[in-house]
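Okay, structure first, notes after.
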Amino acid sequence: MSMPGKGNTPGSRSLLARNTALNLLGEVVPLAVGVMAIPPIIAGLGNARFGILSLLWVLLWYFSIFDLGLGRAVTKHVSECLGKNETGRIPRIFWTAVAAQAAISCAALLLFILLVPLLTGMLPAVPAELKRETEQSLYLLALFIPVIMVTSSCKGMMEAAQRFDVINAIKIPSNLSVFLLSWIGISLGFGLPGIIFLLLLSRALVLAAYFHYDFRVYPGLRDDLSVGASTLRSLLSFGGWSTVTTLASPVLVYAERFIIIYLLSAAALAYYAAPAEIVLRLSIIPLSISTALFPAFSHSGAADRARVAALFSRPLKYILCVVAPLTITLIAFGEELLLLWLGKDYAREGLLAAQILAAGVFFNALAYVPFTAVQGLGRPDLKARLDLFLVPLFLALSVLMVKPWGLAGAALARLVITLLDLGVLMRMAGVTTGLSLKEMLPPAFFRGVFLALALAAAMAAAKFLAAPAWLVLLAAGLSLAAYAAVFFAAVMDALDRSVLRGLIAGGGAAVHPARPKSPPDATAR
């Protein structure tokens, strides 16, 4: 790989800040467009067709499970090769993963095709006139499996090279195409099969784009097309444990909703799910950071103690800086926000659950860093074993707490599991990294915690002021501004402040002055 400029080595603070900003942009832009695009799509398709289309979108996301964690394993192994200057191993890692995914995806494709009639029959709510259209769409959907799986390895190569500029240049239009191509298909008079075909073409273009950049960043891929059984075993060993976590994730995110509808009612679930969807969206902030952190941890390795300590402690500080004021505001002014957005029934029935969920989102955001450290340093088995314990415990707690305490009980069960997950992950991270608790949580972090508690007190005082609404909002706004100013001055160090100024002033360009106009050669380092 071409050596980056000073201050922009893999895992450097400026590069991590830039990559995080790019990842956050890649999440926020499609989300904003989706909010605006969904109403006209519903109007064009009708409620029944849109319901089916939304289900097909969900299935597309679940197809990534067939990957068996190989995409993340590619990022891990290639990052290690770059860190150890063993670039000659990279082509074999890539082609072994691609060959394995091609074989697995073909088997998964055939299995899915065989299951299409069964899947169609399992949707009794689908109107009779849409049964055939739904079945045709599912057959077309099967063709996505090999495309999505091979794309994961190609994307993993870009993550290993920390080329998140390339990833998000592809990701943003790809995610936007889900909504825009659906709208175009409606304008052209297409039914669901036609829309799915347009989406398939867009995903094929995404795969071609990743191959193009992989060959530019790693020219050696053209010269060595070899695969290896030992390489495959190593990839599957890492990827298999990652898959356990991937499978557990939907359960830990959505399981209590099924328990609510079973023990309470569908109406009760609406009061819980609507605010939950917005609160849980805050996770895109730590997700954007952890996506940039994973290859950085893999590249550095546990031996580089100083860099690992910086990679661990600084992101926790940044997450605290951003997520704490957001969650505190949601908790303090949740009633007013729900009343404005969804009406008095949701403000009355869903408020306490939403406030508890917001607290859980804060602690879960902090857990992203130890989780990424554990996986990035080669121990995905630790988190997988923890998930195998947490899933049944979460289900049991949800059942026990929902019945007596309703929606608040469901949110409380999630909070308990989140705190347990965070505590155990911190312990696992300490063992994996070899860092002490003081190295993982330095004094600057606790200064940030103190500021967050002070902000919570100030927001609570503002909320209960016996004053006009405008004065309450002014007090809350001044509290947030004071928090940001003091955090910037007392918690962030000189380099943090320099990086932040560069991001604000140059949109990321100022923190990557030596970035080449074309992707660097990752095999000629």
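The values are calculated or read from the model by the stated rules, or taken from the named source; none is laboratory data. None of these values were measured; they are calculated from a predicted model. Note that we place each Cβ from the backbone using ideal geometry, even for glycine, and neighbour counts take in every protein chain shown. Just so you know, the surface numbers come from the protein's heavy atoms only, side chains and all, with ligands and any DNA or RNA stripped out. Shrake-Rupley method; radii C 1.70, N 1.55, O 1.52, S 1.80 Å.
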note = In the chain, taking the dipole from +1 charges on Lys and Arg beta carbons and -1 charges on Asp and Glu beta carbons about the Cα centre, the listed residue (Ala268, Ala365, Pro117) farthest towards the positive end is Ala365
query = Extension gain Leu465-Lys131, at 0.36 nm per residue separation less the Cα-Cα distance, in nm?
reply = 114.5 nm
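How would you classify region 300-452 from its alpha-carbon gyration tensor, with a ≥ b ≥ c the square roots of the eigenvalues: rounded for a/c under 1.5, else prolate if a/b is greater than b/c, otherwise oblate? It would help to have the intermediate numbers written out before the result.
Working: a/c = 3.22, a/b = 1.57, b/c = 2.05.
Judged from the Cα gyration tensor, region 300-452 comes out oblate (a/c at least 1.5, b/c at or above a/b).
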note = Per the Cα gyration tensor, region 221-273 corresponds to an equivalent ellipsoid with semi-axes, largest first in Å, of 44, 12, 6
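What is the magnitude of the charge dipole of region 350-429 about its Cα centre, with +1 placed on the Cβ of each Lys and Arg, -1 on the Cβ of each Asp and Glu, and no other charges, expressed in debye to the nearest 20?
The calculated dipole for region 350-429 is roughly 60 debye.
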key: Sum of -39500 (n - 2.57) over DSSP H runs of 4+, divided by residues of the chain (222 nm, nearest 500)   = -28000 deg cm²/dmol
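When ligands, DNA and RNA are left out and all protein chains stay put, how many square angstrom of accessible area per residue does region 66-114 have with a 1.4 Å probe? Present the calculation step by step, with values, prior to reporting the outcome.
Details: 1850 Å² over 49 residues.
For region 66-114, the solvent-accessible area averages 38 Å² per residue.
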inquiry  = Placing unit charges on C-beta atoms (Lys and Arg positive, Asp and Glu negative, everything else neutral), compute the dipole magnitude of region 379-472 about its Cα centre in debye, rounded to 20.
reply    = 60
request  = Please give the FRET efficiency for Asp493 paired with Leu419, using the beta carbon to beta carbon distance and R0 = 25 Å, rounded to the nearest 0.05.
outcome  = 0.30
request  = Sticking with the crude label model, points 7 Å out along Cα→Cβ, report the distance from Glu336 to Ser234 in nm, one decimal please.
outcome  = 5.7
query = Is there a pair in Lys131/Lys171; Lys84/Lys155; Lys344/Lys463; Lys383/Lys438; Lys317/Lys383; Lys76/Lys383 whose C-alpha atoms are over 24 Å apart, and which pairs would that be?
reply = Lys131/Lys171
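Defining a contact as two alpha carbons under 8 Å apart and six or more residues distant in sequence, what relative contact order in percent does the chain show?
Details: 682 pairs, mean separation 122.8, N = 525.
Relative contact order comes out at 23 percent.
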request  = Return the label of the correct value of Cα extents along the principal axes in Å, as calculated from the structure shown, out of (i) 73, 64, 43; (ii) 84, 60, 40; (iii) 81, 53, 48.
outcome  = (i)
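For region 305-399, with only Lys/Arg (+1) and Asp/Glu (-1) charged at the beta-carbon, what is the dipole magnitude about the Cα centre, in debye rounded to 20?
640
What's the carbon and sulfur percent of the chain's accessible surface, probe 1.4 angstrom, rounded to a whole number?
Taking all protein chains in place, the chain shows 71 percent carbon and sulfur surface.
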